[in-house]
1. Would you mind telling me the share, in percent, of accessible area of the chain contributed by carbon and sulfur at probe 1.4 angstrom?
2. Could you give the dipole magnitude of segment 311-366 about its Cα centre, charging the beta-carbon of Lys and Arg +1 and that of Asp and Glu -1, in debye to the nearest 20?
3. Note down the accessible area of Asp489, probe 1.4 Å, to the nearest 10 Å².
4. Give me the accessible area of Thr219, 1.4 Å probe, in Å² rounded to the nearest 10.
5. Can you pull out the trypsin sites (Lys or Arg not before Pro) in segment 491-592 that DSSP calls coil and that have at most 13 other Cβ atoms within 10 Å?
6. Can you compute 3J(HN,Hα) from phi for each residue in segment 269-285, using the Karplus curve 6.51 cos²θ - 1.76 cosθ + 1.60 with θ = phi - 60°, rounded to whole Hz and x for Gly and Pro?
7. List the GluC sites (Glu not before Pro) within segment 463-549 that DSSP assigns to loop and that have no more than 11 neighbouring Cβ atoms inside 10 Å.
8. Averaging the inverse of every distinct alpha carbon separation and then flipping it gives the Kirkwood radius. What is it for segment 4-76, in angstrom units?
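The values are calculated or read from the model by the stated rules, or taken from the named source; none is laboratory data. Keep in mind that what you see is a predicted model, and the values were worked out from it rather than measured. Using ideal geometry, Cβ is built from the backbone for each residue, glycine included, and neighbour counts are taken over all protein chains shown. Remember, those area values only see protein heavy atoms, side chains included, never the ligands or the DNA or RNA. Shrake-Rupley method; radii C 1.70, N 1.55, O 1.52, S 1.80 Å.
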Amino acid sequence: MTNNKTVLSWIDEMKALVNPDQVVWIDGSEEQLEALRKEACETGELIKLNQEKLPGCYYHRTAVNDVARVEDRTLICSRNEEDAGPTNHWKDPKEAYKMLYDIARGSYKGRTMYVIPYSMGPIGSPLAKIGVELTDSIYVVLNMAIMTRVSQKVMDVLGDSNDWVRGLHCKCNIDEEKRYICHFPEDNTIISVNSGYGGNVLLGKKCFALRIASYQGKTEGWMAEHMLILGLENPKGEVKYVCAAFPSACGKTNLAMMIPPEGYRAKGYKVWTVGDDIAWMRPGEDGRLYAINPENGFFGVAPGTNMKSNPNALISTKKGTIFTNVARNLDDNTVWWESLDKNPPVNAEEWKGAHVNGPEYIAEGNKLAHPNSRFTAPAKNCPCISSEFENGAGVPISAIVFGGRRAQTTPLVYQSRDWNNGVFVGSIMASETTAAATGAVGVVRRDPMAMLPFCGYHMGDYFQHWFEMGEKLGENAPKIFNVNWFRLDSEGHFLWPGFGDNFRVLEWILKRCEGKVDAKETAIGYVPYAEDINLEGIQDFDIETLKSILEVDKAAWAKEAEGIEEFYKQFGDKLPQELRNQLETLKKNCAE
Ligand code: GTP
Ligand code: SPV
Ligand code: MN
């Protein structure tokens, strides 16, 4: 497929290391993928689902000990330890290569090496980048064929260039003790061993498009962010684009595909999805910030997805989709997960593969699907996919939104005073942890810009990069906001209805960008006057509750400031002075 010497010599080197029985290049053709699906069904790696109800859909189970990203085994291997920073696990690259090569050596024996040339972003786009992943897993090949652009054209575009990212994935024995996801930002290299779970092995996604790309962005003057991208169309047909960074399993896919409330739909408002997880952004010729979605599909959280919460996501999964770790309905060979509907299958296979009576199993306090079970669906299936999805120039961003799961303290929405204050707002993001990574769930942790697990270099330098981008963008910089859909009442119920009703908040955000609505200045930034959030047609919600979740409690924020100060300490001298100043301003504002 290529004469590129850098590609061929690296593959030869890896071949000598892992010792496969054969090497197969993936060209992305339907015939080749279909043959692989057939083979995977024969070995049990995949189960073909009901082809009448779910055409082209397959089911996969990972090992029980391999169901989420493993942050404590994810390493940044920069030459200097300081370059990885205090929030990453670091290992010396020489030692890391040795350790990984020892694990990988001979591990493809009796297996096939699949060579996947892929593009992150529309092939040939000036914002796109190329990678080659080697894997011994058909599941990985089929997922990469959905999540990225895999084709001969990728190698044609690459030509003789050495500007591509190397990715070696070895399933080995799925041994937890020898599982490592390692990044070598200075070598454009990723090595992942002993896992078969998406975020650890679809190397184009978090490994390349965030950890390696964030480092590239810092060096080359652009940004790789854990952000959805959506277009909001008004009744005049004008579309404005918004990016939003929420931590894993905190609502990016849902917001990206949301359906506006009925009253808005009737007037002609629409939401278009450009991306649901990752944004690559660069200043365009007109000085504005342009974003592309480097991915080609959605690797979405299944539980919670239903015709009410996110119909567009559910419809996207009806064909050509791979389901991982959900439950199966053995009566009709379809899939089920918590809150898909109110009828868990009686004749069910739970995510680990045991045959159970669904309703009884749930009544005993079990879950049929793993909380981090996922669907891998082609972007083109999405009914609201943006007409700009394939536009290699990207879309101009009007607003950047940060957010997390906070039961208390953080209001429904507020606007930063300016870009630098917005960088501060992003840097102090905190959220309750979810099942998307192994470890405790529901613990509040600071997760700046939702990038804590995904920044491939020192986060102090990362904050500095944000300030520099702001300087470069000047007047054209997007406005920065923060949202929190997850405020709870004293009984643990969500106070804000969320989902489609989040449109009401987006509308206020865009009005602020256009200078069409006033706001109240508070200790943390601009908060809406409750009357300015349109509640027309909203159900089981009133303006008094809205007022309560818009309130800024200075005492609570003073406490928050203490937590921020503590969090900032680890960055030492690398913490930009501007963030210290911003923190001082917050403290002062709360004391007034
Ligand atoms: P990753 O793919 O891990 O990056 O997750 P994500 O940020 O795309 O999260 P996703 O949209 O899949 O949502 C995860 C969970 O949050 C689901 O269980 C949703 O039901 C829930 N969720 C999303 N939006 C809202 C909301 O507005 N309100 C409430 N209460 N829950 C929400
Ligand atoms: C996330 O955890 O943020 C995801 C899923 O989007 S994974 O691919 O596992 O990273
Ligand atoms: Mn994500």
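1. The computed percentage sits at 48.
2. That gives segment 311-366 a dipole magnitude of about 300 debye.
3. That residue has around 50 Å² of solvent-accessible surface.
4. 100
5. Answer in residue order: Lys516.
6. Here the 3J(HN,Hα) series is 6, 9, 10, 10, 8, 9, x, 10, 8, 9, 10, 10, 10, 8, x, x, 4 Hz.
7. Of the GluC sites (Glu not before Pro), the ones in loops of segment 463-549 whose Cβ has at most 11 other Cβ atoms within 10 Å are Glu491, Glu514, Glu536.
8. 15.9
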